[in-house]
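Written out below as structure tokens is the structure these notes cover.
The values are calculated or read from the model by the stated rules, or taken from the named source; none is laboratory data. Here the structure is a predicted model, which is why all the values come from computation and not from measurement. Glycine gets a Cβ as well: all are built from the backbone with ideal geometry, and neighbour counts include every protein chain shown. Just the protein is used for accessible areas: all its heavy atoms, side chains included, with ligands, DNA and RNA removed. Shrake-Rupley method; radii C 1.70, N 1.55, O 1.52, S 1.80 Å.
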Amino acid sequence: MQYFINVILPIPLEKLFTYSISETEAHFLLPGMRVAVPFGKSKIYTGLVYTIHTEPPTVYEAKEIHQILDDYPIVNKVQLKHWEWIAGYYMCTLGEVFRSAVPSAFLLESETLIIKNERIVFDDSELQDDEFLVYDALCHQSSLKVYEVGAIIDRKNVLPVLNRLLLKNIIVLKEEIYEQYKPKLVRHVQLGKAYIDEKNLEALLASLSRAPKQSQVVLALFQLQATTKKPINITDLELSSGGSKAVIKSLVDKGILEEYLVKTDRVSYEGNAENESLKSLNTYQQSALEAILRCFEKNKVTLLHGVTSSGKTEVYVDLIEKCINSGNQALYLLPEIALTTQLIARLQEYFGEKVAVYHSKYSVHERIEVWNNVLEKRTKAQIVIGARSALFLPFSKLGLVIVDEEHEGSFKQFDPAPRYHARDAAIVLAKLHECHILLGSATPSIESFYNVQLGKYGYAQIDRRYGNVLMPDMELVDLRDEIRKRRMKGHFSERLQEEIRNTLEVGEQGILFQNRRGYAPIVECTTCGHAPQCPNCDVSLTYHQNNKQLRCHYCGYHMALQESCMACGSATLDTKGFGTEQVEQELRAIFPEARVGRMDLDTTRGKFAYEKIITAFERQELDLLVGTQMLSKGLDFRNVNLVGIMNADALLNFPDYRAHERSFQLLTQVAGRAGRTKKRGRVIIQTYNPQHHILKQVASGDYANMYQDQLFEREEFKYPPINRIIKITFKHKDYNKLNEAADWFAKSIRNVWEGEVLGPEFPAIARIRNQFLKNIIIKIPMSGSLSKTKNSIKRIEKSFNAISHFKSVRVIYNVDHI
Ligand code: ADP
Ligand code: ZN
Ligand code: ZN
């Protein structure tokens, strides 16, 4: 008997590939194990076994596999089902899902570049012979391609050896060298050892009787040490004792206090053995929790609609605890993990070591570790917090999925395929595991709320803030009016200046929101009207003042700012529009005494740059923080009582059917950062259009009306959730070829499908990185069959690909979220 396996290769092939195996291999192999296989003339790939069978392929002769790479499946059956759903629904191949679902270190292939891990110290006598050969080669060469390793050891053994070296953390993949995290060191103090004894302490206090400030500090420290087991940092001691840094320093100099440094590592948990007990829920949280549990009993996807700062996290925590107490795994999905150090810290306080964080920005080794911990159902990763890629972990006892901030657009992956929406894929995952799933938001997506209205989803609500703090007081400021009355200073209305001044006077903090980075999005010559454009994209270049550069935000192209116009030579350059850099600069000029920070893509490049800014703001080392939409995401600052929205209009005018929904969500979320703990916050929204219905709905917190309006528009213009929609994007560097290709495709669809087809049309930015773009949009009524339509599109694509003239035109599908 001959045996074969069908293998998923991590490349966009329509079909699985068949390889031949021996009988022994057939008895050993299981679906979900990896194999090293030859492909094409000389390539090696890591493939995943899908089925084991005895049917030889008909059109080619099956090659033999090189090697089996795993002793047991690293991917389970539920995952494979989930991947199939993703591939089918989002119109991509199983290989593309495989590639993006597993850590890239699981996918060694001939072209992968490997290097030595410089950060690890180990004893090379621990290495097996072939491992040593590879290691030794890497000591003499900075990097090696996987196929080059074939010249050093037996070709068929390459992947197994490299996989072992990866697991031992001795090699890393070249593409994944991340900035090494240098934890911030914070100064802490303790009482000198000699004074721990009470008698000595008394003697000390007596000797300090002439130095009341010093003895106050000593007493305060003594009290702090008695009430907490945690290390005491200098800032806390200053605050509680009223003593200055100088007083503390003189005590340290005398040896009465001892100073030491503690790493404030906010991501990895340092194993504080005692977990904090859960907070008890207030009555509103409690009744929401009960409503959720009732919906769970009916196995319904459930939406928790709780205003900002209503304490949704504590409700999630209760559910997570119930889940892990019954021995199940819990998955907590967030839109962007980088912004959630606060949340991770909160969960770790409750659940300690059980919390694992999974994120595509983590190193190869960290990701493999989490993957294996989940695979082996270790308690160490019983709760996984992660961005969308955490969906793909090998859960086998999943009991609960939480999708926090479910309305967030960043749950959608746009590039590369699979172009999936993590919330929707999570709902399918929960169904496959027959487990509970909770979506949470202060501003639910129209889709989710629509599903609640239809009765498909369960619903729970919390409509007041924790501690009964009032929702922030929102004020719309009419910029036309302010300009007419000449009250503006830069981009700040008189009202906003006044509120900032008040905030600074009482020692509170403020957030200023402008959803554009850089100094100004356009530089224009006032003589001839010329504005520098990106040579690769159809956009104007944004001016960045800090390095005097013009930059393209789409392709990264940049050039030095010219002194005079490149077209006419006049030195009459002026800027149009404004970004966060300009807001920051104006703030510094108007409020020179304030400490101002900025949080946008430019200031948060490094892996831990977010943490630094967030921590500085949290510790009140900054008074005012200027930022982009990053500021809207779930941050909980205790001392922020003012939020200023610099210009609400840019959001509203975005050319997208979701623009109004998004504006409502973004503005409400940013506003929600104000006044979360003690007193009512204040929000100033500057706009040229204070009558705009969305702004009024934001100001009055009227979600219900916003939903009604938007749903009406979606019905009118046939958009989701009333209709389904697929966007097909064509991409090519040749303008004419692109047009022909898109026209051909649209015509073919219209021939076989009588539903609504829009386009082909150029998007607002019709060229990016020298590639022209054109879209076709297909609207499918809910009564129609989505899968049939997809199949006919896929058939058309096949004929399209067979036309040699169109061969290099890329076809990209986006389903539902375009
Ligand atoms: P949301 O996620 O709904 O915006 P959070 O969960 O961040 O709100 O809660 C807002 C604040 O209220 C947090 O500082 C949190 O610690 C506090 N809080 C919420 N619920 C409780 C509770 N039951 N007991 C004590 N503090 C709570
Ligand atoms: Zn000019
Ligand atoms: Zn560009």
Rounded to the nearest 10 Å², the 1.4 Å probe accessible area of CYS139 is 60
On the Cα set of segment 67-217, report Rg and Dmax in Å, please. 27.6, 80
Roughly how compact is segment 664-767, stated as its Cα Rg over 2.2 N^0.38 Å to two decimals? 1.62
FRET efficiency for GLN461 and SER410, using Cβ-Cβ distance with R0 set to 25 Å, rounded to 0.05: 0.50
Suppose the chain between PHE717 and LYS576 were pulled fully straight at 0.36 nm per residue; how much longer would it get relative to their current alpha carbon spacing? 47.4 nm
Could you state the principal axis extents of the C-alpha atoms in segment 1-53, from the largest down, to the nearest angstrom? 29, 20, 16
Computed Kirkwood radius, in angstrom, where 1/r is averaged over Cα pairs of segment 294-394: 14.4
Along the positive direction of the dipole of the chain (beta-carbon charges: Lys, Arg +1; Asp, Glu -1; about the Cα centre), which of ILE645, VAL134, VAL217 reaches farthest? ILE645
Rank GLY507, TYR466, GLY529 by how far each Cα sits towards the positive end of the charge dipole of the chain (+1 on Lys, Arg Cβ; -1 on Asp, Glu Cβ) and give me just the farthest. GLY529
Which far-off residues, 5 or more places away or on another chain, put their amide H under 5 Å from the one on ARG595, with H placed in the peptide plane? ASP623, LEU624
Please label the shape of segment 342-497 as rounded, prolate or oblate, based on the square roots a ≥ b ≥ c of the eigenvalues of the alpha-carbon gyration tensor (a/c under 1.5 means rounded; beyond that, a/b larger than b/c means prolate, else oblate). prolate
Quick one: dipole size for segment 681-773, taken about the Cα centre, charges +1 on Lys/Arg Cβ and -1 on Asp/Glu Cβ, in debye to the nearest 20. 480
Quick one: plug the Kirkwood hydrodynamic radius of segment 574-657 (C-alpha pairs) into Stokes-Einstein at 10 °C, 1.306 mPa s, and report D in µm²/s. 111
Give the ranking of ASP253, ASP623 by solvent-accessible surface, highest area first, calculated with a 1.4 Å probe. ASP253, ASP623
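From the cross-link list LYS576/LYS779; LYS43/LYS790; LYS633/LYS731; LYS168/LYS380; LYS213/LYS612; LYS174/LYS790, which pairs have alpha carbons spaced over 30 Å apart?
Correct reply: LYS576/LYS779; LYS43/LYS790; LYS633/LYS731; LYS213/LYS612; LYS174/LYS790.
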Kirkwood calc, the chain, C-alpha pairs only, radius in angstrom 30.1
By the rule of another cysteine's Cβ lying under 4.7 Å, the cysteines of the chain that fail to get a partner are CYS92, CYS139, CYS295, CYS323, CYS435, CYS555
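What is the dipole size for the chain, taken about its Cα centre, with +1 at each Lys and Arg Cβ and -1 at each Asp and Glu Cβ, in debye to the nearest 20?
Numbers: 103 positive and 98 negative charges, 241 e Å.
So the magnitude is around 1160 debye.
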Using a/c under 1.5 as the rounded threshold, could you call segment 13-109 rounded, prolate or oblate? The axes a ≥ b ≥ c are square roots of the C-alpha gyration tensor eigenvalues, and prolate needs a/b larger than b/c, oblate otherwise. rounded
If the only charges are +1 at each Lys and Arg Cβ and -1 at each Asp and Glu Cβ, what is the size of the charge dipole of segment 637-717 around the Cα centre, to the nearest 20 debye? 880
Projected-area average for segment 676-737 over all orientations - Cα convex hull basis, square nanometres: 9.0
At q = 0.16, 0.31 Å⁻¹, work out log10 I(q)/I(0) for segment 338-379 with the Debye formula, treating every Cα as an identical point scatterer and leaving solvent out; two decimals please. -0.45, -1.07
Given charges at Cβ of Lys, Arg, Asp, Glu: segment 731-771 dipole, positive-most of ILE768, ILE749, LEU738: ILE768
Accessible area of TRP371 in the full protein assembly, 1.4 Å probe (Å², nearest 10): 0
How large is the helix-only mean residue ellipticity at 222 nm for the chain, computed as the sum of -39500 (n - 2.57) over DSSP H runs with n ≥ 4, divided by its residue count, in deg cm²/dmol to the nearest 500? -10500 deg cm²/dmol
Using the basic label-point model (7 angstrom from Cα toward the beta carbon), what is the LEU293 to ASN653 distance in nanometres? 5.2
Going from most exposed to least, what order do SER632, SER363 have by accessible area with a 1.4 Å probe? SER363, SER632
Could you give the spread of the C-alpha atoms of segment 359-428 along their three principal axes, from largest to smallest, in whole angstroms? 32, 27, 18
Rounded to whole Hz, the Karplus (6.51, -1.76, 1.60) HN-Hα couplings of segment 76-88, x for glycine and proline: 9, 5, 4, 4, 4, 4, 4, 4, 4, 4, 4, 4, x
Accessible area, 1.4 Å probe, largest first: how do PHE449, PHE17 sort? PHE17, PHE449
Sort segment 713-818 into rounded, prolate or oblate with this rule: let a ≥ b ≥ c be the square roots of the eigenvalues of the Cα gyration tensor; rounded if a/c is under 1.5, and if a/c is not under 1.5, prolate when a/b is larger than b/c, oblate otherwise. oblate
Rounded to the nearest 0.05, what FRET efficiency do ARG210 and ALA589 give with R0 = 51 Å and r taken as the Cβ-Cβ distance? Could you check? 0.60
Can you pull the accessible area of SER100 for me, 1.4 Å probe, Å² to the nearest 10? 40
